[in-house]
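Here is the structure we will look at, set down as structure tokens.
Values in this text are rule-based calculations from the coordinates and carry no lab data. No experiment lies behind these values; they were computed from the predicted model shown. Cβ coordinates were reconstructed from backbone atoms using ideal geometry, including for glycine residues, and neighbour counts include every protein chain displayed.
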Amino acid sequence: MPVQLKCLSHTPLRGLNDPGAEVIAEVDAVLAKCRAEVEAYDPELIVVFAPDHYNGLFYDLMPPFVIATAAESVGDYQTKPGPLSVPGGLALELARHLLDSDLDIAISHRLQVDHGCTQTLQEMTGSLERYPVIPIIINSVAPPFGPYRRIRKLGQAVGSFIARLGKRVLILGTGGLSHEPPVPLLADAPQDVADFLIAGRNPTPEFRAARQARTIATGKIFGTPQCGLTPLNPEWDKAFMRLLIEGRLEQVDAFRIDEISKAAGRSTHEVRTWVAAFAALQAVGDYSAREDYYRPINEWIAGYGVVSAATV
Ligand SMILES: O=C(O)CCC(=O)/C=C/C=C(\O)C(=O)O
Ligand SMILES: [Fe+2]
């Protein structure tokens, strides 16, 4: 039974600070093609590796990895609010398998997920509930981070579970590529920002709107001399996509967290979700992969890429 994979960037600025119509048309066409492929594949299960951006997970208890047996979208940045169709029993079985594989994964029986999980799920399936989906959140935004080799191990263990199922499984990775949106850092944060990063769950609509307005304002100047954030790095992005497409996954073990932050931006670590997704696919079997799309898009603060793969 072939297992399929799609890894793609997400952006909170889609629909809020768009590039020109030609670029939108290109991206829409790529996403429509991917969605049609998912529809034709008709997955019996989706496993989505995703980050969180201080919407479900906070520093009052920040796990490196968490698997959800139930999840609800917070509906940030124009994504749909509401429950995902998580098969709780199967998610728990996967959690047990990961623990048996020496991976200390956290378990949530009521996880709030944000656009980092739901935008891609919606783009690939049209809704939050169309297919059974197990979300696995990988901390990619709230330092400190564990090494990339741990992410590869997590992916491998998820893949060995998927291989046993003998089902049509779609593996999703969402985030990246190079980018640095205005996500606050706990280190040296003023007290009110620190309080939010530590325990800012369920903000008021006004607080959420102010967050969103700050991100849009940054999108309007990102990539210009006015903006102090790390610019997009298409060379880094291309090399990373090539590495995955060519199956050289062991090379991520040499990735250095600080070097990546500096070269490509702090949120580039969302590519941890791509690493886990590809490691899972490789654990199922040999794969072939293709680049569907790449373009650095300043308006979206995103080295925006889409890659598809399947076991052969
Ligand atoms: O909302 C905030 O407080 C910070 C902005 C934010 O969360 C941005 C997220 C950006 C992405 O998800 C991304 O570009 O991947
Ligand atoms: Fe993100």
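Key figures for this structure:
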| quantity | calculated |
| --- | --- |
| Listed residue pairs exceeding 30 Å between alpha carbons, taken from LYS6/LYS153; LYS80/LYS167; LYS33/LYS262; LYS33/LYS238 | LYS33/LYS262 |
| Inter-probe distance in nm under a simple model that places probes 7 Å from Cα toward Cβ, at GLN78 and ILE216 | 1.0 nm |
| Residues ARG248 and ALA29, FRET efficiency given R0 of 22 Å [Cβ-Cβ distance, rounded to 0.05] | 0.15 |
| Helical segments meeting 20 Å axial Cα length and Kyte-Doolittle 0.0 threshold in the chain (DSSP H) | 21-41 |
| Mean-position separation - Cα centroids, segment 257-302 and segment 186-239, in angstrom | 20 Å |
| Order of THR79, THR204 under a 10 Å beta carbon neighbour criterion, fewest first | THR204, THR79 |
| Exposure proxy order (Cβ contacts within 10 Å, fewest to most) of LYS238, LYS153, LYS167 | LYS167, LYS238, LYS153 |
| Rounded, prolate or oblate (a/c below 1.5 giving rounded, otherwise prolate when a/b exceeds b/c) for segment 4-311 by Cα gyration tensor | rounded |
| Label-point separation, THR224 to GLU93 (7 Å along Cα→Cβ), nm | 5.4 nm |
| Max mean-square fluctuation residue, GNM over the chain, Cα-Cα springs under 10 Å, options PHE207, PHE145, PHE278 | PHE207 |
| Cβ-defined net charge surrounding GLN4, 10 Å radius [Lys, Arg +1; Asp, Glu -1] | +1 |
| Fewest-first sequence of MET124, MET1 by Cβ atoms within 10 Å of each Cβ | MET1, MET124 |
